[in-house]
Structure formats: C-alpha cells, structure tokens
Amino acid sequence: MSKVKIKTIVVDNEARALNRMKLLLSHFEELELLECIDDANKAVDKVLRLQPDLVFMDIEMPGKSGLELAEDINKNYLDTKIVFVSAYDHYAIKAIKNSAFDYLLKPVSIDELKTTIERYKAKLQTNLTKREFEIIRLIGKGLNSKAIGEALFISRHTVDTYRRTILEKTGCINSAELISYATKNNLI
C-alpha cells in the first residue's frame with residue numbers, strides 16, 4: 001500500500017532558482033512535484049486546477065508578486081499552504097500576514113527545507129486547529145490553563161477541554177510529553 005504523497009508546485013520566474021528548488025525537492029520521496037511555473041500570471045489558474053498541498057513561491061516576480069498570488073489563492077479557500085522563498089527577509093511580516101506556512105531565504109538549504117516539510121507532515125498527522133496551535137505555544141511558554149484563558153479571552157474550562165483534545169490528537173499523555181512532541185516536530 002503506497003502512502004499519499006504531498007503534492008507540490010514551485011513558482012519562481014528565475015530559471016536557476018526554479019531548478020535548484022526542483023533538485024532540492026527531489027530528495028524527499030514523500031513529495032510529488034506537480035509543476036514548476038515560471039510565469040506568475042499563470043500560477044493562480046494552475047494552483048486552482050491542480051490544488052497542491054504546498055506551493056513554494058518567490059515573492060519578487062514580474063507581473064504579479066508572490067504576495068498577490070497568495071491573496072488570490074487564499075480568496076479561493078483552498079487548503080493549500082504557501083511557503084515563500086525569497087532572497088529578501090524584509091517581506092517576512094507581509095508574508096505572515098498573508099497566512100504563509102513558512103518563509104525560507106534563498107539559497108534554501110536542504111536542512112531548512114527538511115524542517116518545513118517535517119512541520120507540514122506533523123501538522124497533517126495531528127490535524128490541529130489554529131486555536132490548538134496557539135494553546136500549544138502558550139503551554140510551551142509555561143502558562144497554566146487560567147493564564148492561557150486570560151491571554152486568549154476564553155475560560156479556563158475551555159482551555160482544559162482544548163488541552164484534552166490536543167493530547168488525544170497528538171497521542172501525548174501529559175503537558176511535558178506534549179512540549180517534547182511539539183519541539184521535536186517544530187510546532188512551537
């Protein structure tokens with residue numbers, strides 16, 4: 001029985017960067033590279049048609065920026081996660097506001113790419129919600145249920161319910177094991 005592969009697309013107008021990313025991605029057997037796109041204007045239609053799990057996208061491209069592409073993709077409510085790949089770090093805040101899954105600086109190293117892919121796989125396996133990730137991060141900072149509730153404007157009892165659900169989803173027994181799991185899988 002074969003495992004379902006993570007479908008990916010790469011969007012970059014620079015042939016050299018496109019080829020480098022294609023080569024790096026070939027090292028991960030769990031990935032299936034659907035397409036490499038060098039024209040930002042064609043990217044949205046291809047993403048909508050192919051519906052990949054991950055899109056690795058440059059930011060500075062002629063015609064349409066990666067940030068604009070991300071907005072177009074997000075407007076269509078796809079479950080596609082976007083990893084921005086840029087030579088510039090000054091776009092990082094805008095990328096995060098655009099719901100970026102990750103932000104990698106060029107030239108991308110195999111280790112950075114591995115961390116991104118492992119984090120994506122961990123998120124898939126646990127199927128955690130955005131709120132559950134927030135609670136995990138706050139647990140990692142040492143906050144108790146009451147403090148987490150105050151920080152998120154929810155009751156302590158609601159936080160306790162989230163904690164139980166998180167433990168069930170991750171297969172962890174307690175908070176210490178959860179923090180270890182979250183650290184190992186780059187969730188916090």
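FYI, it's all coordinate maths here, none of it is from the lab. No experiment lies behind these values; they were computed from the predicted model shown. Here the Cβ is made from the backbone with ideal geometry for all residues, glycine too, and neighbour counts use every protein chain on show.
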Here, chymotrypsin sites (Phe, Trp or Tyr not before Pro) of the stretch 122-188 satisfying both criteria (DSSP loop; at most 16 other Cβ within 10 Å) are PHE153
Pull out the extension gain between ILE154 and GLU14, defined as 0.36 nm times the separation in residues minus the alpha carbon to alpha carbon distance; nm, one decimal. 45.7 nm
Let me check I've understood the local charge: for LEU105, count other residues with C-beta under 12 angstrom from its C-beta, Lys and Arg +1, Asp and Glu -1. What total comes out? -3
Given a Förster radius of 30 Å and the C-beta distance between LYS169 and LYS22 as r, what FRET efficiency does 1/(1 + (r/R0)^6) yield to the nearest 0.05? 0.35
Which whole-angstrom value gives the distance between the alpha carbon centres of the stretch 1-35 and the stretch 99-138? 17
If you take the charge dipole of the chain about its Cα centre, with +1 on Lys and Arg Cβ and -1 on Asp and Glu Cβ, which of HIS27, THR158, TYR88 is farthest toward its positive end? THR158
Could you check the simple spin-label distance between ALA87 and ASP111, using points 7 Å along Cα→Cβ, in nm with one decimal? 2.4
Taking the simple approach of a point 7 Å from Cα along Cα-to-Cβ for both TYR77 and ASP38, what is their distance in nm? 3.7
Ranked LEU143, LEU23, criterion: other C-beta atoms within 10 Å, fewest first: LEU23, LEU143
Rank LEU33, LEU128, LEU69 by mean-square fluctuation in a GNM of the chain with C-alpha springs under 10 angstrom and give only the top-ranked residue. LEU128
Which FRET efficiency value, to the nearest 0.05, do you get for THR129 and GLU30 by plugging their Cβ-Cβ distance into 1/(1 + (r/R0)^6) with R0 = 22 Å? 0.40
